[in-house]
Amino acid sequence: MNTDGKLTEQKLDDITASIIGAAFEVSNTLGHGFFEVIYRKALVHELSIRGLSVEEEFQFDVMYKWTTLGRYLCDLLVDKSTVVELKAIERLNPSHVGQLLNYLKAGGLRVGLLLNFGRPRLEYKRVVL
């Protein structure tokens with residue numbers, strides 16, 4: 001995929017800042033306790049309001065020597081540059097970061113966000129390759 005190569009660091013920073021702002025809006029409005037899919041739908045709506053393009057359940061092919069080995073399905077791809085993985089759990093752990101890193105590698109992208117709506121206050125991690 002690798003469409004973020006054309007984007008400046010500032011543009012990627014602006015996109016992630018917009019996503020985080022939208023996620024806080026969703027978290028503050030809905031609170032915690034819903035299933036992940038509810039937060040995903042609300043975040044897609046909020047990102048659309050903010051003028052960002054969003055693709056839900058975007059698939060990345062995992063390639064090895066010009067052969068597709070399988071596919072990864074990320075929650076959101078925003079502006080064809082930023083992977084967003086949502087959780088609604090008590091606590092993030094290193095395997096969740098690893099999952100996001102795999103999506104970035106498979107997609108040839110540099111920036112991803114891990115958002116956890118399962119706590120009273122939104123928890124997030126920005127991951128950069």
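Couple of notes before you dig in:
- Cross-link pairs beyond the 21 Å C-alpha cut-off, checked among K65/K105; K80/K125; K11/K125; K87/K125; K105/K125: none
- Built amide H within the under 5 Å cut-off of V54, gap 5+: D79
- Comparing L76, L52, L114 in a Gaussian network model of the chain where C-alpha atoms under 10 Å apart are linked, the largest mean-square fluctuation is found at L52.
- Computed per residue of the chain from DSSP H runs no shorter than four, each worth -39500 (n - 2.57), the mean residue ellipticity at 222 nm is -13000 deg cm²/dmol.
- Crossing angle, helix 94-107 versus the chain [Cα axis fit, 0-90 degrees, rounded to tens]: 50 degrees
- Sequence-distant residues sharing a close amide H with V62 (under 5 Å, placed H): L69, G70, R71, Y72
Each value in this text was obtained by applying a stated rule to the coordinates, not by laboratory testing. On a predicted model such as this, the values are computed, not experimentally measured, just so you know.
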